[in-house]
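Remarks on the structure that follows.
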Amino acid sequence: MKLAKPLYVVWETTLDCNARCIHCYSDAIYGRGPLYWSQEDSLELIEQLADAGVIILAMSGGEFLLRPDWELLAERAVARGLQVTFATNGLLVTETTARRIKQLGVANVSVSLDGATAKVHDAIRRVPHIFDRACQSVRLLSDAGVRVTVNYTPMRTNLAQAEDLIELAYKLGAKKINLTEYVYTTRGGVGLMPLPSELGALITLWTKAATTWKGRIEVDWHDCRVALILPGVEADPYNGCGAGYTHCRITVNHDVTPCVVLPLPVGNLREQRFTEIWRTAPELHRIRDRTNIRSGNCASCKHLERCGGCRAASYARYGDAYRGDPTCWISPDGAEVDGPLIANQMVPS
């Protein structure tokens, strides 16, 4: 597989956050303080990504809106032709902020909703009334004309609310709801991870919902198995796990990793330019070649080239990104997920 440029880059702009989420992939901490990219380095990075031909820039955190210069960064990225999106927990979204986001030309704002009720969502995000604020932020952004995606991360604690979340997102005015699978390289650990059978049942439900809700709200998901799930020509554009192929992550300490939830550094932007890392990093070349998957269910699976399995899930279970996918329900990797956690080591000390 060859791709001259990533379709999108997730950029961890800060670790400062105003929530205490149990499943945070970046290990941002409430009250930690403003650990973030300097403004000078940030503007330089935007230039590098634009020059590299990146299409979508997702500004991440922490909470991006806690940066005092968030407007400047969004404005500069839009001016350089990048499609800018960012995720927020909704706590800082006001009517004025929503209008400003629209004025800046931000293409999409993703609001995290991990429960269809305050009881479930607040327990996951660990801030009182954050559910109400998240719902309000979706309404405010939608009313201001901003395209809103509701992000849902399924865990053992919120699987039962999946269908209710679709309805809630639609009623709030979101244009899209996106399911992003939980991979336990994060703070939450293996205990939050749905069993493969549970995940399979959820994805089946989700794909049917995409048809049921068509024309009202877009129901989407991130899963390496999408080409094996969708019927006929609908599956043609998909080619499995996109880690280091369609996308990558840039961390707060300037590391480039193949995926948001795969804490495997392939280069550092203090030492190399982004284009050089993307084109020459040995680890990226390795992960793009699925013949390097040596063992486990993926290595022997007939769908290896079409799917490739989740490399982050492999790393989480085995400490090795080139073994089997323990989350797979199509070709299971032995017993259901139950094993040691490889902690996310990407956070600077």
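The values are calculated or read from the model by the stated rules, or taken from the named source; none is laboratory data. It should be emphasised that the depicted structure is a prediction, and the values quoted were computed from it without experimental measurement. Here Cβ is always computed from backbone atoms with ideal geometry, including for glycine, and neighbour counts include all displayed protein chains. All accessible areas refer to the heavy atoms of the entire protein, side chains included, with ligands and DNA or RNA removed. Shrake-Rupley method; radii C 1.70, N 1.55, O 1.52, S 1.80 Å.
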Original post:
Charges only on Cβ, +1 for Lys and Arg, -1 for Asp and Glu: so what's the dipole of the chain about the Cα centre, in debye to the nearest 20?
Top reply: 360
Original post:
Debye sum, Cα scatterers, segment 59-194, no solvent: what log₁₀ I/I(0) at q = 0.14, 0.18, 0.19, 0.21 1/Å?
Top reply: -0.63, -0.99, -1.09, -1.27
Original post:
In nm, what is the difference between 0.36 nm times the number of residues separating H285 and K208 and their Cα-Cα distance?
Top reply: 24.2 nm
Original post:
What ranking do 304-314, 269-279, 85-95 get when scored by the average of other Cβ atoms within 10 Å per residue, highest first?
Top reply: 304-314, 85-95, 269-279
**OP:** Would you mind checking the pairs K102/K208; K119/K171; K5/K208; K214/K302; K5/K171 and listing those with alpha carbons more than 28 angstrom apart?
**Re:** K102/K208; K5/K208; K214/K302; K5/K171
Original post:
Just one of (1) 1.34; (2) 0.94; (3) 0.96 is Rg/Rh (Cα atoms, Kirkwood Rh) calculated from these coordinates, so which is it?
Top reply: (2)
Subject >> Accessible-area composition of segment 220-324, carbon plus sulfur, in percent [1.4 Å probe] >> reply: 49
**OP:** Would you tell me the accessible area of V10, worked out with a 1.4 angstrom probe on the heavy atoms of the protein chains, in Å² to the nearest 10?
**Re:** 20
**OP:** Quote to one decimal, in nm, the extra length available between L92 and E271 on full extension: 0.36 nm per residue of separation minus the C-alpha distance between them.
**Re:** 61.0 nm
Original post:
Going toward the positive end of the dipole of the chain, with +1 on Lys and Arg Cβ and -1 on Asp and Glu Cβ, which of G189, C248, C135 do you reach last?
Top reply: C135
Subject >> Built amide H within the under 5 Å cut-off of C17, gap 5+ >> reply: I29, G31, R32, G33, E63
Original post:
Taking all pairs of different Cα atoms in segment 136-247, averaging 1/r and flipping that mean, what Kirkwood radius in angstroms comes out?
Top reply: 15.2
Original post:
Between A79 and H222, what is the label-to-label distance in nm when each label sits 7 Å out along the Cα-to-Cβ direction?
Top reply: 2.9
Original post:
If you place +1 on the Cβ of every Lys and Arg and -1 on the Cβ of every Asp and Glu, how big does the dipole about the Cα centre of segment 34-171 come out, in debye to the nearest 20?
Top reply: 400
Original post:
Taking a temperature of 20 °C and a viscosity of 1.002 mPa s, what whole-number D in µm²/s does Stokes-Einstein yield for segment 210-275 with Rh from Kirkwood over alpha carbon pairs?
Top reply: 151
**OP:** Any chance you could run the full-extension gain for K171 through R126? It's 0.36 nm times the residue separation minus the Cα-Cα distance, nm to one decimal.
**Re:** 13.8 nm
**OP:** Specify which residue in the list A58, C224, L269 is farthest towards the positive end of the charge dipole of the chain, using unit charges on the beta carbon of Lys, Arg (+1) and Asp, Glu (-1), about the Cα centre.
**Re:** C224
Subject >> Surface accessible to a 1.4 Å probe, per residue, for the residues of segment 62-131, Å² >> reply: 40
Subject >> Hull shadow area, averaged, segment 1-106 [alpha-carbon convex hull, nm²] >> reply: 7.3
Original post:
Counting only heavy atoms of protein chains, what accessible area per residue, in Å², does segment 202-283 have with a probe of 1.4 Å?
Top reply: 44
Original post:
What are the ³J(HN,Hα) values, in whole Hz, obtained from phi via the Karplus relation 6.51 cos²θ - 1.76 cosθ + 1.60 with θ = phi - 60°, for each residue of segment 278-293 in sequence order, with x given for Gly and Pro?
Top reply: 4, 8, 10, 4, x, 5, 5, 4, 5, 6, 6, 9, 6, 5, 7, 6
Subject >> Karplus-derived 3J(HN,Hα), 6.51/-1.76/1.60, for each residue of segment 54-68, Hz, glycine and proline x >> reply: 4, 8, 10, 10, 9, 8, 10, x, x, 10, 4, 6, 7, 5, x
Subject >> Within-11-Å neighbourhood charge of N151 [Cβ basis; K, R +1; D, E -1] >> reply: -1
Subject >> For segment 308-315, Karplus couplings with θ = phi - 60° (6.51, -1.76, 1.60), whole Hz, Gly/Pro x >> reply: x, x, 7, 5, 5, 5, 4, 5
Original post:
If we count every other residue with Cβ under 14 angstrom of G105's Cβ, Lys/Arg +1 and Asp/Glu -1, where does the sum land?
Top reply: +4
**OP:** Assign unit charges at the C-beta atoms only (+1 for Lys and Arg, -1 for Asp and Glu), then state the dipole size of segment 50-129 relative to its Cα centre in Debye, rounded to the nearest 20.
**Re:** 100
Original post:
Roughly how many percent of the accessible protein surface of segment 92-176 is carbon and sulfur, given a 1.4 Å probe and a whole-percent answer?
Top reply: 46
